Every structure is written in C-alpha cells, then in structure tokens.
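Student: Could you have a look at this structure, given as structure tokens, before my questions?
The values are calculated or read from the model by the stated rules, or taken from the named source; none is laboratory data. As the structure is a computational prediction, the values presented were derived from the model and not from experiment. Here the Cβ is made from the backbone with ideal geometry for all residues, glycine too, and neighbour counts use every protein chain on show.
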Amino acid sequence: MGISGSILIFHDELDKKIFSEFQNEAFTEEPKLDISTKLVQKKYPGWDTRIKEWDNGQIIYDVRHGQKRRYVFTDPETGMILKDLNANSHFTAWLLKLHYSLHSGITGRISILVAGIVFLLSLITGTILYRKSIFKTLTFQVKIRATNKRNFYSGLHRYVGSWALIFNMVIVLTGIILAYSVAKAGLNPRKEYNGPLIDTSIEAALNGIEKEIPQFQPTYIRLPLEKGAGIIVYGDFKTDFFLFSEFYNQVKIDETKGNILSINRIASADFLTRLNSVVMPLHYAEFGGLPVKILYALVGLTGPFLSITGFILWWRRPKRSKNFRKTAI
C-alpha cells in the first residue's frame, strides 16, 4: 500500500505524460463536446459515461459498465474518436485497483481495510512505546548508535517513525475511511442501469453555468444513469476552503432542456459532510502542488521502511533462556 500509494500520488502527472500523444496542443477554441459525446454514447449505449477532461487540447471520456471500463479520447477540434483504451489495463488505473483491492474483489477490499486498521494500531502502540523520546528524537537529541545492528535499526526506526508520525496518521486515518467506503460499495453492488442518450447541448449548458455562476469552475461531468437523473457537473468554487473536494460541489443540469435544476455547495453543507469532503484531498495530496506530493510520496515509503525495521527489531530481540521461562512459570 505504501509503495503503490507513493506512485499514485503522481497519477495526474503520469496520466498527462501517457495521454500526451492524444493532445492537440495547437487547438485553443471551444472543444466539440456535443459531437464527441454523441459519438461516444453511440459506441457505448447505456454505459455510465463521464467526461474527465475537455480542455488543454483534448477530451477524455471514462465509460463504465459492470467490471468493464474504457478511456475514450476524442479530437477537440472535430469531436471524432481518436483512441479507445481498456482502462483496467492502464497503468495508474491498474495500480489504483491494486492499492484498494489487490485485484481480489470484495475479499481484497476487506483485506485492505483490515490492513489499514492494523497499521493504525501499530502507529498508536509505537507512539505509546516511544512517547518519552519522541520530542528528543524530533530535536535530534537521540543519537543513532552503530554498536550493533539492533541498536542501529532501532535508531533509524525511531527517527523515521517520529518524523513521519503526523503525516502517517493523516494518511492512515483517511485511508481507512476510504477503504471502508470501497468495501461497503463492494458488499452493495450498484444495480444495473441504462443511461439515456443526451438530447441537450453540453457546450451550451457549460456556457450557461459560466454566465449564471461565474465563481464556479467545472472540472468533471457525469451523464445521467437513468432518465430524469440529470447531468451532474462537479467543480470548485473560488471561495471554497482549499481542502474541499471538487466532487462535493454539484450543479445539476436538465438532460433534455439544458437549464440548471439545482446547485449544491459543500460550503453550505453540514459539518460531517464537509469533514468527509476533505478525506480524499488529504489522502491523495490534492493540494499544495508538487512539493506536497513529493513529501507525501516520501512519507508513504516510511510505511514499508518501518515494517522492515520493526520486523528486524522483533527478530533480533533478546531471547529469554529456557531456565528463566521455567522459573517464571
């Protein structure tokens, strides 16, 4: 989990690099979303269709049906389909599935949840064990002694564990919440759906949002799974707290008329909903830019490091003699 998570921190950068061959950098006009959406829905009728990118010279669709998932790339200038890939075999999507389920279905999802809880318990017990020396370690008052391997690994274990403690707590707590949601979803699979064809102009709807809600920046579009469900446009409000997730702001569009039906803002939600909205940004370092991502990646690698050094310390622990055990009994 630590190794895969440290790589997934850079999933946006990796995808941008991998998908760059489908990018039309010279195109700066309004993308042909209406044409491309009709073509994608014609090729995948009834599928759960999402538009994950429509600027920077490319349009990317994420279409799903059961266990099937595809990435469809269309030309922003013509709307024509350029490439159609199996998302389940795409590197970052494959790695994400490994991270949250070990590619083992509901069994893997529950295993990851249990592992997260065990990791949290190890952090708590480690904090209790080293509570008297944490401050001294953080202020470099504790020396790493190389008199023997056990003392050396003990010093490394203590320093890495102390310096990464707060970040590991954040990553593990948010990871457990996300793992619980993933496991719960696996135990309650979504019913079959048959998404309707869109009759309205998505381009016009986005222009309407820009005029009526100028402070809202759309980032993700989900087409309806059934008639009357509406087109859901996710995004950010300029005045939002920087840790709020984009997926908790929703502008609902009528899929037949194109008018705005409702606006849900995370800033107006109750405390628990707002608390839930910061879980994903905190877990995936969706704030602070590249420096924070690098810090998270390094912290993510401390999990495997602490596991290895902790095992070495356990393996090299002082052994009690048989006579001592007999006397104690």
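Student: Kindly provide the set of residues from segment 239-268 that are farther than 24 Å from residue 201 by Cα and over 22 Å from the mean Cα position of the chain (by Cα), ordered by number.
Tutor: Scanning segment 239-268 gives 239, 268.
Student: Now a separate question. Listed residues 244, 167; which is buried (at least 19 other Cβ atoms within 10 Å of the Cβ) and touching a helix residue (DSSP H, G or I) at 6+ places or on another chain (Cβ under 8 Å)? So that I can check it myself, show each step before the final result.
Tutor: Numbers: 167 fails: buried (at least 19 other Cβ atoms within 10 Å of the Cβ).
Selected residue: 244, the only one of 244, 167 that is buried (at least 19 other Cβ atoms within 10 Å of the Cβ) and touching a helix residue (DSSP H, G or I) at 6+ places or on another chain (Cβ under 8 Å).
Student: Starting from residues that are under 24 Å from the mean Cα position of the chain (by Cα) and assigned to a loop (DSSP other than H, G, I, E, B), keep the ones in segment 225-238 and report whichever is surrounded by the most Cβ atoms within 10 Å (Cβ to Cβ). Steps first, answer last, please.
Tutor: Step one: filter segment 225-238 for residues under 24 Å from the mean Cα position of the chain (by Cα), giving 225, 231-238.
The next check asks that each one be assigned to a loop (DSSP other than H, G, I, E, B); those that pass are 225, 238.
On the way: 225: 17, 238: 8.
Out of the qualifying residues, it is 225.
Student: Collect the residues in segment 201-215 that are part of a helix (DSSP H, G or I) and not β-branched (Val, Ile, Thr), keeping them in residue-number order. Please lay out each step first, then the result.
Tutor: Just the residues of segment 201-215 that are part of a helix (DSSP H, G or I), to begin with: 202-212.
Passing the criteria: 203, 204, 205, 206, 207, 208, 210, 211, 212.
Student: Filtering segment 85-100 down to residues that are touching a Lys or Arg at 6+ places or on another chain (Cβ under 8 Å) and surrounded by fewer than 16 Cβ atoms within 10 Å (Cβ to Cβ), which residue is nearest to residue 5 (Cα to Cα)?
Tutor: The qualifying residue nearest to residue 5 (Cα to Cα) is 88.
Student: Taking segment 25-47, which residues are charged (D, E, K, R) and surrounded by fewer than 19 Cβ atoms within 10 Å (Cβ to Cβ)?
Tutor: Matches in segment 25-47: 25, 29, 30, 34, 38, 42, 43.
Student: Here is a follow-up. In segment 274-292, which residues are of a type outside the set (A, V, I, L, M) and assigned to a helix (DSSP H, G or I)?
Tutor: Hits for segment 274-292 are 274, 276, 277, 281, 283, 284, 289, 291.
Student: If residue 193 satisfies every condition in (1) surrounded by fewer than 17 Cβ atoms within 10 Å (Cβ to Cβ); (2) without any contact (Cβ under 8 Å) to a residue 40 or more places away in the chain but one, which is the exception?
Tutor: Single failed check for residue 193: (2).
Student: Can you name the number of the only condition in (1) closer than 22 Å to residue 5 by Cβ; (2) part of a loop (DSSP other than H, G, I, E, B); (3) of a type outside the set (Lys, Arg) that residue 258 fails?
Tutor: Here residue 258 clears every test but (1).
Student: Still on this structure, please answer the following. Here's a check for you: in segment 54-65, which residue that is touching a residue at least 24 places away in the same chain (Cβ under 8 Å) and of a type in the set (D, E, K, R) is surrounded by the fewest Cβ atoms within 10 Å (Cβ to Cβ)?
Tutor: Among them, the one singled out is 55.
Student: Looking only at segment 277-297, which residues are on the phi < 0 side of the Ramachandran plot and either in contact with a Pro (Cβ under 9 Å, 6 or more places away or on another chain) or surrounded by fewer than 16 Cβ atoms within 10 Å (Cβ to Cβ) (or both)?
Tutor: Residues satisfying the conditions are 287, 290, 291, 292, 294, 295.
Student: Just need a number here: residues in segment 216-273 that are within 20 Å of residue 46 (Cα to Cα), among the hydroxyl-bearing types (Ser, Thr, Tyr) and at pLDDT 95 or above.
Tutor: 1
Student: Looking at segment 210-224, which of its residues are among the β-branched types (Val, Ile, Thr) and surrounded by fewer than 19 Cβ atoms within 10 Å (Cβ to Cβ)?
Tutor: Scanning segment 210-224 gives 213, 219.
Student: Sort out which residues of segment 196-222 are touching a residue at least 12 places away in the same chain (Cβ under 8 Å) and basic (Lys, Arg), and write them in order of number. Talk me through it step by step, then tell me what you get.
Tutor: Just the residues of segment 196-222 that are touching a residue at least 12 places away in the same chain (Cβ under 8 Å), to begin with: 196-206, 208-209, 212-213, 215-222.
Of everything in segment 196-222, just one residue is touching a residue at least 12 places away in the same chain (Cβ under 8 Å) and basic (Lys, Arg), namely 222.
Student: Right, here's the next one. Can you find a residue that is closer than 21 Å to residue 295 by Cβ, within 26 Å of the chain's Cα centre (by Cα) and modelled with pLDDT of 95 or more anywhere in segment 11-31?
Tutor: No, because not a single residue in segment 11-31 is closer than 21 Å to residue 295 by Cβ, within 26 Å of the chain's Cα centre (by Cα) and modelled with pLDDT of 95 or more.
Student: For segment 101-150, which positions are over 30 Å from residue 181 (Cβ atoms), without any contact (Cβ under 8 Å) to a residue 24 or more places away in the chain and of a type in the set (Val, Ile, Thr)?
Tutor: Within segment 101-150, 139, 142, 144, 147 meet the criteria.
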